[in-house]
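Asks: Okay, here's the structure, questions in a sec.
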Amino acid sequence: MKNKDLNPLDKTEEPVKMPLSLQLFLRVAAALLAMALFLEGVCRYMFHGVAPYNSPLLHDPFPDLLTLWPRFQHFHTLQFFTDTQDPPCMYPAPVAVCYRAFFIFVPHELFAFLFFVLLCAVVATFLFGRALIRRGLNRWAAILLMSFALTTSYPLWFELKQANMEICSWVLLALGLWAFMRGRGYAAAACFGIAGALKITPFLYLGLFLAKRQYRHILFAFLSAAAVTVPSLWLVYPHIGDSWRLTNLAISRFRT
């Protein structure tokens, strides 16, 4: 099928089963899944490999969230940085605040995190599937496509396994792209800026504004990042200057 079969303005056509591009995605994804299962079977039953070679997604589950809890008991104090017994928090201050938000639910912080990640994934899958159906794709074909994409998404499984705050960046980027496509430039810039405060790579999305010469939006994105970073530094440790210096020192250890 050609792309015109998914024209949202044409309400007279019968629903299409599956465009060629989506068929190709399913076939490639199925082939990669089969190959991954085959290789894992070889590692486990022929070479008798130990973790992580026998099951990379089940080895050392949820390390980021579970190992950081002892340090976050010193959140908002100098000991958050000086504690030498527990694993260090080598993240920018806004990321630390995201972790702290899940630690509100201790001892059920892992359940809260997994629920949040899966809820985001299911909502995104539902919205994308609904958009495909509105553009003419057969309902059952859309269900098959989105179910397969959701259950075989390596980034999703890896996020669940690691239990880190990449999900927060992803949510902000998804909202930013939605706002950008709807012509809501400043809302998109705010999302990209806050996501950039979490991890620097989302600032690459500011190229969307650069291509349109929307320089004010780029400035607004950096201001949004600053507006999130400063109070986050205070939340981590109430002396903002020291918090900035010690946070950068911890991040430099990660680079090393």
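The values are calculated or read from the model by the stated rules, or taken from the named source; none is laboratory data. Values in this document were obtained by computation on a predicted structure and should not be read as measured data. Note that we place each Cβ from the backbone using ideal geometry, even for glycine, and neighbour counts take in every protein chain shown. Ligands, DNA and RNA are excluded from the accessible area calculation, which covers all protein heavy atoms including side chains. Shrake-Rupley method; radii C 1.70, N 1.55, O 1.52, S 1.80 Å.
Asks: So if I check each of TYR205, TYR237, which one is crowded, with 20+ Cβ neighbours inside 10 Å, closer than 30 Å to ARG71 by Cα and not charged (D, E, K, R)?
Replies: TYR237
Asks: If a residue has to be assigned to a loop (DSSP other than H, G, I, E, B), open to solvent by 80 Å² or more (accessible area, probe 1.4 Å) and not basic (Lys, Arg) to count, how many in the stretch 129-158 make the cut?
Replies: 0
Asks: Tell me which residues, restricted to the stretch 118-132, are without any contact (Cβ under 8 Å) to a residue 24 or more places away in the chain and either closer than 17 Å to LEU26 by Cα or touching a His at 6+ places or on another chain (Cβ under 9 Å) (or both).
Replies: PHE128, GLY129
Asks: Could you pull out the residue among ALA221, ALA187, ALA197 that is free of Cβ contacts under 8 Å to residues at least 24 places away in the same chain and either small (Gly, Ala, Ser) or in contact with a Gly (Cβ under 7 Å, 6 or more places away or on another chain) (or both)?
Replies: Every option except ALA187 fails the conditions.
Asks: Quickly run through the stretch 84-128 and pick out the residues that are at pLDDT below 95, crowded, with 17+ Cβ neighbours inside 10 Å and β-branched (Val, Ile, Thr).
Replies: Result: THR125, single match.
Asks: Please report, ordered by residue number, the helices (runs of 4 or more DSSP H) entirely within the stretch 19-127 with at least 2 residues that are in contact with an Asp or Glu (Cβ under 7 Å, 6 or more places away or on another chain).
Replies: 63-72, 93-103
Asks: I'd like the full set of residues that are surrounded by 13 or more Cβ atoms within 10 Å (Cβ to Cβ) and either among the small types (Gly, Ala, Ser) or touching a Ser or Thr at 6+ places or on another chain (Cβ under 8 Å) (or both), limited to the stretch 41-54.
Replies: ARG44, GLY49, listed by residue number.
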